[in-house]
């Protein structure tokens, strides 16, 4: 069953002892970050979502919730499954291309597809809880927006769903971009050049001198599937709200904004409406980012706020990023699990994939494959670099199908045992992430591919006869299994 709104999800967390209410007064500047950072990294099963009920010196008395997606279990619950691998199964079943054998099977298959799609299209409503209060005048300082790290350029909105439309086609895009508070009615819009919002800006700039202002709306809260969908790396022109509807099995209710020609989730907690002038930029940052470093200050578009609406008893949802593991690691893991079937559609030899938190999403991808012919590991590398935002991946490691890509110790063993730097390393150049401070220049640098598969006589290049792996005979393993209690080692 989908969650109607954020508070239904919070109720489930609290019922399962995954939410901690904190009544002690806390500051929105740095203190909440330090508390949340310690809790997210707690190895004693104390990693829970936190609801701060008393934000010190804040007139709105609006509570703050953080850590919604801070464990695999909570991230899975947010998307309506019991564990994240269920997302893989769910999409695999949906996109299965097995041909039906007869007319009856064809009809059944068609009905199954239609049933799976019937809740993807958003539903437009005339009223929404997110508009119970219209702030007059709109004032960003009325929201308990965090300053996360001591050298941040200011306070930042960090868990938004940013809605915008293509100025030419009118197609919707939803992205998760941080927003820096400049003053009471302006925000820095950190949509990076590879993202959908930035493309809308470029389209608007192409119009010329009469370049239109881009209506935007920032929704905070709602069903957690809606929150997460804004972070999903969907292909251009694929509506994130359709993905959210498919995940939750129910159409997303959208309501028209009060000051802008754009729609937002009707059951959000808070909505910030405004516009971006595509010709206007302002210095934004620095910001303590998910790389574990501060991203450098740079020029980004400015969002001018025209309205702020919210529920009567609104809760402000937020997150922090920094040195992993953090909450965003599980958001990324959900993306990895959900999109694995799509990668397999285009590269059928792929068995599994891992984007470990230590790689900050774009620095490392480990992929296992069924290797059948010479050059196949390199084919996989280039194929991944050519798939959407995977183009930003700095390092790809390819291993054999029997290697567990989620066991980093096993991966390290296989890489160091099987690769020769002269033969198995591929170095290329291409686009890099905005936040990659190590690249040769902003958004462009080197990439590394490592073929860590075992070599056979079919592989090109010089190599010795590949040795047999050490393994005990099956009869001795069975003997020891049967006598284990005799040894007194139980």
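Of the peptides 414-424, 285-295, the order by per-residue mean of other Cβ atoms within 10 Å, starting with the highest, comes out as 285-295, 414-424. Peptide packing: for 15-21, 82-88, 67-73, 469-475, the average count of neighbouring Cβ atoms within 10 Å per residue gives the ranking 67-73, 82-88, 15-21, 469-475, highest mean first. Based on C-alpha pairs under 8 angstrom that are at least 6 apart in sequence, the range 422-482 has a relative contact order of 27 percent. The peptide list 404-411, 255-262, 157-164, put in order of mean Cβ contacts within 10 Å with the highest first, becomes 157-164, 255-262, 404-411.
In terms of its C-alpha gyration tensor, the range 394-490 has an oblate overall shape, because the principal axis ratio a/c (a ≥ b ≥ c, square roots of the eigenvalues) is not below 1.5 and a/b does not outweigh b/c.
With both residues required to sit in the chain, DSSP beta bridges show an antiparallel share near 75%.
Measuring nothing but how far apart in sequence close Cα pairs (under 8 Å, 6+ apart) lie, relative to its length, the range 347-490 scores a relative contact order of 21 percent. Summarising the strand pairing of the range 330-439, around 45 percent of its internal DSSP beta bridges are antiparallel. In percent, rounded to a whole number, the relative contact order of the range 6-318 is 21, using alpha-carbon pairs under 8 Å and six or more apart. Model label sites at residue 312 and residue 478, defined 7 Å from Cα along the beta-carbon direction, differ in position by 7.2 nm.
Computing FRET efficiency as 1/(1 + (r/R0)^6) for residue 441 and residue 402, where r is the C-beta to C-beta distance and R0 is 35 Å, gives about 0.30.
Between residue 202 and residue 85, the modelled labels are 3.9 nm apart [label points 7 Å from Cα along Cα→Cβ].
No value in this document is a laboratory result; all are computed from the given coordinates. The structure presented is a predicted model; accordingly, all values stated were derived computationally and were not measured. Virtual Cβ from ideal backbone geometry, glycine too; neighbours counted across all protein chains shown.
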